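The values are calculated or read from the model by the stated rules, or taken from the named source; none is laboratory data. On a predicted model such as this, the values are computed, not experimentally measured, just so you know. Every residue, glycine among them, receives a Cβ derived from its backbone with ideal geometry; neighbour counts consider all protein chains shown.
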C-alpha cells in the first residue's frame, strides 16, 4: 500500500509541474490553478487508462507494421502519440484547462506529455526512493513523539 501511495503522489506532483510547464510554454493552452485538478485526471489516466490504450493501439500497430523494420518503429511511435492525445483530450475535457487552436492546443501538448513521461520514466525510481525515505523518517519521528 505504501509503495502505491508514494508512486501515486510522485506521479501526481510530477504531472502538476508538467501541466504548469505546458501552460507556461504553450501560449494556446491555459492551465493556471486547473493544474491541480488536471494533474489528478492525468495521473489517473496514466495509471489506469494508458496501459489499456497502449495495449489496444500497440497490438493493432504491431500487426500492421510487421512488413518493415522502419515502419514498425514509426507505427509504434504513432500509436504512442495517439495514446497521449487521447489522455490529453480527457484532461482538457474533464478539467478547466483551456485550449485555443487545433495544432498548438491539441497536437503539441501530447508531444510534451510524451517527452515528460520519458523523463519521468528515467527519474521515477529516484523520486520514489526519496519520497519513501522522507515518508519513513516522518513516520519514525511521529512515533517517537507519541507517549
The one condition residue 79 fails out of (1) modelled with pLDDT of 80 or more; (2) surrounded by 12 or more Cβ atoms within 10 Å (Cβ to Cβ); (3) within 25 Å of residue 26 (Cα to Cα) is (1)
If we keep only residues of the range 104-118 that are free of Cβ contacts under 8 Å to residues at least 40 places away in the same chain and surrounded by fewer than 16 Cβ atoms within 10 Å (Cβ to Cβ), then the residue nearest to residue 4 (Cα to Cα) is 118
- [ ] Would you check if residue 85 is modelled with pLDDT of 80 or more, under 17 Å from residue 47 (Cβ atoms), under 17 Å from the mean Cα position of the chain (by Cα) and outside any strand (DSSP E or B)?
- [x] no
Exactly one of 69, 55 is modelled with pLDDT of 70 or more and either surrounded by 20 or more Cβ atoms within 10 Å (Cβ to Cβ) or out of contact with any strand residue (DSSP E or B) (no Cβ under 7 Å at 6 or more places or on another chain) (or both), and that one is 55
Considering the range 24-37, residues that are at pLDDT below 90 and part of a helix (DSSP H, G or I), and then whichever is farthest from residue 131 (Cα to Cα), we arrive at 25
Residue 42 vs (1) buried (at least 18 other Cβ atoms within 10 Å of the Cβ); (2) farther than 25 Å from residue 132 by Cα: all pass except (2)
Reported set for the range 119-147 where residues are surrounded by 11 or more Cβ atoms within 10 Å (Cβ to Cβ), without any contact (Cβ under 8 Å) to a residue 40 or more places away in the chain and within 24 Å of residue 77 (Cα to Cα) is 119, 123
